[in-house]
Amino acid sequence: VPGDFKTVQEAVNGASANDTIVINEGKYRENIVVSKPLVIRSSNGPARSTIRAFLPGAPVITVSADGVTVEGLRFVGSDISGVLLSGASNSSIINNEAAGNWIGITLRHSNGNRISGNTTELNRSYGMYLEYANNNTVERNSVNKNYDQGMFISYSNNNTIRENTVNLNTWKGIMLWSSNNNSITDNRMLRNTFGLVMSESNDNTVSGNTSFPNIFLILPILLIYIVIISYFLQKRVLRFIYG
């Protein structure tokens with residue numbers, strides 16, 4: 001695409017199960033629905049293949065089948081989600097970018113998927129959102145500078161959330177709500193207002209994470225300490241000079 005087919009959706013419609021669709025460099029305006037197992041990947045990475053929502057009121061790409069791989073694309077301009085997995089299992093969303101959407105990547109009623117190596121930045125709500133989504137692996141993603149929360153995990157159990165970078169999100173880095181038996185390990189959650197928050201969630205494993213609060217919260221304290229140290233240094237210097 002383009003080539004044998006003018007649009008990605010035409011290629012999806014014309015493909016047989018388990019075919020591979022290669023998207024060449026360019027900018028595309030469409031909303032894609034994938035309802036069969038396919039591999040959809042760019043020819044040269046997300047920086048060169050951008051798909052913008054033709055209808056902002058729909059996800060840029062909706063995956064509703066099992067066994068789908070989406071790789072190396074950039075999804076922008078949706079008031080719903082850049083990528084939506086709805087009732088999809090055993091699929092892979094890898095090395096994509098989702099920016100400037102309401103939510104970057106959404107999993108809803110979707111189990112056993114792999115979400116790896118993606119970048120979700122500058123989305124107006126969440127970088128990633130899991131709802132009734134179980135047994136997924138979310139690893140080595142960059143979830144930064146989203147205007148509400150980095151990751152929101154709601155009513156979702158037995159997920160592995162590991163080695164993600166979740167920085168500079170306006171509110172929370174990672175939020176668990178009514179979600180149990182998840183593993184939250186080795187994530188970097190820096191300069192969010194709160195790093196990790198869990199509510200009504202039980203038996204989660206949390207280890208090896210790095211968290212540091214928003215610099216604007218600690219800056220006044222640092223300034224106070226700097227002023228105090230400066231005062232005592234000046235006092236010592238003046239005492240030395242003037243006896």
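What number, in nm² with one decimal, is the all-direction average of the projected area of the convex hull of the alpha-carbon atoms of the chain?
16.1 nm²
With all protein chains present, calculate the accessible area of E163 using a 1.4 Å probe and round the result to the nearest 10 Å².
Surface accessible to solvent at E163 totals approximately 90 Å².
Work out the length of the dipole vector of the chain about its Cα centre, built from +1 on the beta-carbon of each Lys and Arg and -1 on the beta-carbon of each Asp and Glu, and round it to the nearest 20 debye.
Using only the charged Cβ atoms, the result is roughly 1060 debye.
Pairs of alpha-carbon atoms within less than 8 angstrom and 6+ residues apart define the contacts here; what relative contact order does the stretch 75-151 have, in percent?
The normalised contact order for the stretch 75-151 reaches 28 percent.
What percent do you get for the relative contact order of the chain when only Cα pairs under 8 Å and 6+ apart count?
Computed value for the chain: 9 percent relative contact order.
Determine, at each q value in 0.17 (inverse angstroms), the log₁₀ of I(q)/I(0) that the Debye formula gives when each Cα of the stretch 23-73 is one equal point scatterer.
At q = 0.17 Å⁻¹ the computed log10 ratios are -0.51.
Under 5 Å between amide H atoms, partner at least 5 residues away or on a different chain: which partners does I174 have, H built in plane at 1.01 Å?
Sorted by chain and number, the residues that satisfy this are M151, L196, V197.
Assuming a strict under-29 Å limit between Cα atoms, what lysine pair count do you get for the chain once near-sequence pairs (fewer than 8 apart, same chain) are dropped?
Going through the chain pair by pair, I get 5.
By how many degrees, between 0 and 90 and to the nearest 10, does the Cα long axis of helix 215-242 differ from the longest principal axis of the chain?
Rounded to the nearest ten degrees, it is 30.
Go ahead and estimate [θ] at 222 nm for the chain from helices alone: -39,500 (n - 2.57) per DSSP H run with n ≥ 4, summed, over the residue count, rounded to 500.
The helix-only estimate for the chain comes to -5000 deg cm²/dmol at 222 nm.
Just the number please: accessible area per residue for the chain, 1.4 Å probe, all protein chains included, in Å².
For the chain, the solvent-accessible area averages 49 Å² per residue.
Can you give the relative contact order of the stretch 1-52 as a percent, counting alpha carbon pairs under 8 Å and 6+ residues apart?
37 percent
Under 13 Å from the Cβ of G173, count the other residues' Cβ atoms, weight Lys and Arg +1, Asp and Glu -1, and hand me the total.
Charge balance in the 13 Å sphere: +3.
Got a sec to turn the phi values of the stretch 60-77 into Karplus ³J(HN,Hα) couplings, 6.51 cos²θ - 1.76 cosθ + 1.60 with θ = phi - 60°, whole Hz, x for Gly and Pro?
Computed from phi, the couplings for the stretch 60-77 are 5, 9, 10, 10, 10, 10, 7, x, 9, 10, 10, 9, x, 10, 10, 10, 9, x Hz.
Full extension from S16 to K36: what is 0.36 nm times the residue separation minus their Cα-Cα distance, to one decimal in nm?
Value of the extension gain: 6.4 nm.
Ignoring ligands, DNA and RNA, please state the percent of accessible area on the stretch 14-64 from carbon and sulfur, probe 1.4 Å.
The nonpolar share, carbon plus sulfur, comes to 49 percent.
Given the options T20, T193, T165, which has the most mean-square fluctuation in a GNM of the chain, springs set between C-alpha atoms less than 10 angstrom apart?
T20
Could you give each residue of the stretch 150-158 its phi-based ³J(HN,Hα) in whole Hz, using Karplus coefficients 6.51, -1.76, 1.60 with θ = phi - 60°, and x for Gly or Pro?
With the stated coefficients, the stretch 150-158 comes to x, 10, 10, 10, 10, 6, 10, 10, 6 Hz.
The values are calculated or read from the model by the stated rules, or taken from the named source; none is laboratory data. All of these numbers come straight from a predicted model, not from anything done at the bench. Using ideal geometry, Cβ is built from the backbone for each residue, glycine included, and neighbour counts are taken over all protein chains shown. For accessibility, only protein heavy atoms count, side chains too; no ligands or nucleic acids. Shrake-Rupley method; radii C 1.70, N 1.55, O 1.52, S 1.80 Å.
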